[in-house]
Every structure is written in C-alpha cells, then in structure tokens.
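Some notes on the structure that comes next.
The values are calculated or read from the model by the stated rules, or taken from the named source; none is laboratory data. Keep in mind it's a predicted model, so treat the numbers as computed, not measured. Heads up, the Cβs are rebuilt from the backbone with ideal geometry, glycines too, and the neighbour counts pull from every protein chain shown.
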Amino acid sequence: MEDITYTKVKQFAGKYHMIEENDLIAAGVSGGADSVCLLHILWRMHREMAFRLLAVHVDHGVRAEASEDAAYVRELCRRMEIPFYLRKVDMQGYAARNGLSSEEAGRLLRYRAFEEVLGEQKKREENGKVAVAHNCNDRAETMLFHLFRGSGLRGLGSIRPVRESVIRPLLCLERTEIEGYLARHGLQYCQDSTNAEDTYTRNKIRHHILPYAEREICSGAVAHMGDLADILVETEGYLERQTERLYERYVKENRAENTDGRPGSLCIQGGGLLAEDPAMYKRVLLACMERLTPHRKDITGRHIGDLVHLMTAGGSKELSLPYGIRAYKEYGWLYLIKTAKAEKPGERPAVTGAVTAEKERKAEEVYPVEPPAEIFVPGEGVFSFLLLDTVPENNEKEVTGKPKAKLLQKEQNIPENRYTKWFDYDKITTYLLLRTRQQGDYLMIDAAMHTKSVKQYMVNEKIPKMQRDSMHLLADGSHVLWIPGYRISQRYKVDESTRRILQVRFRGGSDGGTN
C-alpha cells in the first residue's frame, strides 16, 4: 500500500525544489520523533534520487541523557548506512556571553554546527543544504508566539519551507501524522524531558493553547494556520522586494563596518521616507534595525512605533533601542547608531565600536597638499589638486612648464561649481592640509574681513553633527579655505591680481559630491 505520508512529503519537497541531483543534505537529527521521521524519509528519497545524505547531531552540553541520545542516533545512522557527525557545544556559556536566551543560543549553535559539517564534507560540484525537522505544529506555535509578541507580517508568516540553504521537508505534516509514520515503520525515538515542561513559552503554546483551539474552537486549526502562513510568505516576499527598493533610496550606511560586516550606523532621510505609505516606511525602519544587529528577537512593533514618533516629533530627541542601538533626529535626518550598553541604569551609552573608531581614524588622517596631487580619503572620495599659472595681460607667456589659465578681468567670475573651486595660491600663508576640523578653525565670510567659526557655520548650514567631525576640510593653518560641498573663504578668492591658481576638484559621495 502506498505510504501517504511519504508521498505527501515528496510532493511538498518537489513543490519548493528542496532536493535536487548533486545536493549534499546535512540532516539535523536530535533523536526526537520529528528528526527521526525526517531522517527516515530522506533515507528513502536518497534511494530514489542522486543526492548525498549525512546526519549531524548536536550535544548542547545541558541534558544528562545527551550521550544516550547521541548513541541512539549514531546506531540509527549505522543501520541506514548514513554518515554520522557529532558536534558538542556550550549552549549555556554562549547564551551568557552574548546576552541571549538558551533557546536562541541553542538555535544559533545548531545551525553553525550544521554549516561547519557541510563546509567540511561538501564537494565542489555539490550544493550544500541543511534539512531540519520543523512540522506544521511548529509553524502554528511560532505564528502564535510572534502574534503575541507584536511581530509584523514576516513573523506571522512563521517558519518558511526554504530559507537560503535551509530546507524543511516535514513542514507539511502535523505532529499526529509524524507519530503515525513512526509507528507504521517501527521506528523508536528519544524523549526530551524538557519538552514536557512549561518552562519555555513555546511549550505553553504547544501544551495548552493549540490543543484547546483544535478541541474547542476549530478542528483542523493547525492545518488552517499552515495554509495562512503560505499566503503570508508569498505576500511578504513581494513586500520585501519593495522594502529593499525604498531602503536603497532613503538610507545611507556608514562605510565603517563592524567585524561582522555590518555598518556601524545608518542615516535615514526622514522627510522622504515618511512620504511613503505607513506600511512601507515601518518596514524600512525594521530593515534598518536588522541591518545593525544579527538578532531581531527583541525588536517589536512598539520599537518601530517609537522610531516613527521620534521622526515626527518636534525638536531633537534621542531613543534607546534593543541591542545597544541609539536613535536620534537632527535636521530632518534620523540616525541609528550601534552603541555600547550603559554601565549604570539611566546612564546614556557612549558611542563606541565602528562609529567612534572611524571618527578617531579620520581625526588622525592629515594629508599635506603639494600640487599637483590626487588624495583619496576613505569614505569620502578623491581630491585633485592642480596648480595653474595665469597668462599676463601683455600675452607674453611665461615659460614655466605649468598649465596656463586666462587672466581674469574685474568683471569676470569664477564659474560656480559646488565641487570644483579655484583659489589664489599665493595667499596661502603657511602650508595646505586636508584634515578634519579643529578647535579655532574659521572662515572669512565677506570682503570686510569678517570671520565666522567653522563650528558656527556648520550649525547654521545644518550639517549633521555626526558628519561635522568626520568630513575633511582644506585648511591653511586655522584658516579654512574650503568646506567641500559648501563655501570657500573670501580671503582666498581669485581676483585680477592673482598670479597662480590652485584648482581643487572633489569627486565622491552622492551625485559627485559629499553626503
């Protein structure tokens, strides 16, 4: 007689292209009912298809019977002639070191172990995939868990059949179908004592809420929730593509990255983003939070609402968010910065990590300028310096070997260009430096020799505070010739008496200019 459960899983795996020829499948096998069912079904499929199968068992270093579970899985694999790999991890220690729950730490360490075995055993021509034993009940539990925590559409979509290299062939089966399959094939499995406890939130949903829903509200509730999850996953896929488009339009990432490859901070164009539909700008804000941290467990709808309120509220305010993320608004821009956690309750966390490291690195980068030259400033762009001689009024060309520029008449003006400027080179009194701002820096703002501090000028121009300390200026001692993208000092303007012109061109940032 045809095995309906086996056929159902094969069709489900085929629908989502989970397993194909030349795949290497690493099955996560704890020894429990679900994983034993998964291993047996994959073993049967392996006899019909050209893919390679191996099993990975992870000992979390917590349960006393863990060695017995590992021995059982090893023996099961021996009988099926499936390669067996054991990995031992320190779940509790990892959770304590990284401020995670035991559940989250265990999940991260399991997937890390699966990927390590795949990396060690995969041949060049093979596609490595991890098969885990989540079922329809797990999907319903996760959906309710996320619903109660205030998660968005992605959370309600719950567990996906395929996520990157992870496949879930049993997601179409309810727990009762799995137990029936094991009984028909005479398969034993290990009992995890912690599954019977109500210590974990998911166990409370499993033991009390879902059985009540099936019994008292709607028979087939678990299956119906699985159907809804499929619809939500499709909808979420479309919205994710739209979110990526808006993220690229409104969010700028700090190029100084953390060691995990994530940016140290984000700059969000608040006015433009808020003009989008609320459903979309909230998704972009969630994407920003996720970009700064590898974990999203404690990020809820309330935090996204707080960010929206911060963007729309008057004045400049700050907000502390999970995972040491600080948010503040300035001149219509919203900044999200990964910070160190406060040492004491109520203490404002200091900005550390990539953002501070980048600021300190740039503060130490001073570039002497000797034209002709090109200077590349990481994170900003390229400054090109060229020295030009003017042509005397009697048109007697000086033989200097330098490029010539026509002598300017009184009524002529230098062409306006935000990122190319001309300066009277002979008015430089000390030496030229390309550097970040310093205390005492100033500009001459008019022909009457009135001056203004660079700090005050930047405040008046509403240059964001985070940008002020990192952008490079062209300076003659404390006298700043040019704030790139903004104004030059009146003192260094070219006039009819100019003999040598310093041409400075800046290429970088957005649209050929600075950010």
Fill in: Top-ranked residue of region 6-40 - restricted to ones that are β-branched (Val, Ile, Thr) and out of contact with any Lys or Arg (no Cβ under 8 Å at 6 or more places or on another chain), ranked as farthest from residue 139 (Cα to Cα)
7
Worksheet entry | Any pair with Cβ under 7 angstrom, 6 or more apart, that starts in region 233-246 at a residue that is farther than 14 Å from residue 287 by Cα and ends at one that is at pLDDT below 95 and of a type outside the set (S, T, N, Q) | 233/157; 233/160; 235/153
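To keep it simple, each residue is scored yes or no on (1) of a type in the set (A, V, I, L, M, F, W, C); (2) over 19 Å from residue 191 (Cα atoms); (3) in contact (Cβ under 8 Å) with a residue 12 or more places away in the chain; (4) buried (at least 19 other Cβ atoms within 10 Å of the Cβ).
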site	(1), (2), (3), (4)
26	yes, yes, yes, yes
35	no, no, yes, yes
49	yes, yes, yes, no
56	yes, no, yes, yes
59	no, no, yes, no
63	no, no, yes, no
70	yes, no, yes, yes
78	no, yes, no, no
101	no, yes, yes, no
Discussion item. Scan region 150-173 and tell me whether some residue there is assigned to a helix (DSSP H, G or I), β-branched (Val, Ile, Thr) and surrounded by fewer than 21 Cβ atoms within 10 Å (Cβ to Cβ).
Written reply: no
Worksheet item: Which residues, taken from region 270-285, are surrounded by 14 or more Cβ atoms within 10 Å (Cβ to Cβ) and at pLDDT below 90?
Response: 270
Worksheet item: If you check 501, 463, which single one turns out to be farther than 17 Å from residue 367 by Cα, part of a strand (DSSP E or B) and in contact with a helix residue (DSSP H, G or I) (Cβ under 9 Å, 6 or more places away or on another chain)?
Response: 501
Worksheet item: Out of region 453-469, which residues are under 22 Å from residue 317 (Cα atoms) and in contact (Cβ under 8 Å) with a residue 12 or more places away in the chain?
Response: 455, 458, 461, 462, 463, 464, 465, 466, 467, 468, 469
Practice prompt. Please tell me if residue 491 is among the basic types (Lys, Arg) and part of a helix (DSSP H, G or I).
Written response: yes
Response to the item:
Considering residues that are of a type in the set (Phe, Trp, Tyr) and under 15 Å from residue 492 (Cα atoms), the number found within region 439-466 is 1
Fill in: Top-ranked residue in region 476-497 [being surrounded by 19 or more Cβ atoms within 10 Å (Cβ to Cβ) and in contact with an Asp or Glu (Cβ under 7 Å, 6 or more places away or on another chain); ranked as farthest from residue 439 (Cα to Cα)]
494
Fill in: Test result for residue 290, modelled with pLDDT of 90 or more and assigned to a helix (DSSP H, G or I)
no
Practice prompt. Quickly run through region 80-91 and pick out the residues that are more than 26 Å from the chain's Cα centre (by Cα) and in contact (Cβ under 8 Å) with a residue 24 or more places away in the chain.
Written response: 80, 82, 83, 84, 85, 86, 87, 88, 89, 90
Item to complete: Filter region 179-203 for residues that are at pLDDT below 65 and not in a helix (DSSP H, G or I) and give the result.
Response: 198, 199
Fill in: Hits in region 116-141 (condition: of a type in the set (D, E, K, R), in contact (Cβ under 8 Å) with a residue 60 or more places away in the chain and closer than 19 Å to residue 85 by Cβ)
122, 123, 126, 129
Worksheet item: Can we say residue 420 is in contact with a Ser or Thr (Cβ under 7 Å, 6 or more places away or on another chain) and either among the polar types (S, T, N, Q) or not assigned by TED's automatic domain parsing to the domain that holds residue 383 (or both)?
Response: no
Fill in: Number of the condition not met by residue 250 [criteria: (1) within 23 Å of residue 147 (Cα to Cα); (2) among the hydroxyl-bearing types (Ser, Thr, Tyr); (3) in contact with a strand residue (DSSP E or B) (Cβ under 9 Å, 6 or more places away or on another chain)]
(1)
Item to complete: Report the residue count in region 214-259 for those that are outside any helix (DSSP H, G or I), under 30 Å from residue 467 (Cβ atoms) and either modelled with pLDDT of 90 or more or hydroxyl-bearing (Ser, Thr, Tyr) (or both).
Response: 2
Fill in: Which numbered condition residue 262 fails, given (1) closer than 22 Å to residue 110 by Cα; (2) surrounded by 15 or more Cβ atoms within 10 Å (Cβ to Cβ); (3) at pLDDT below 85
(1)
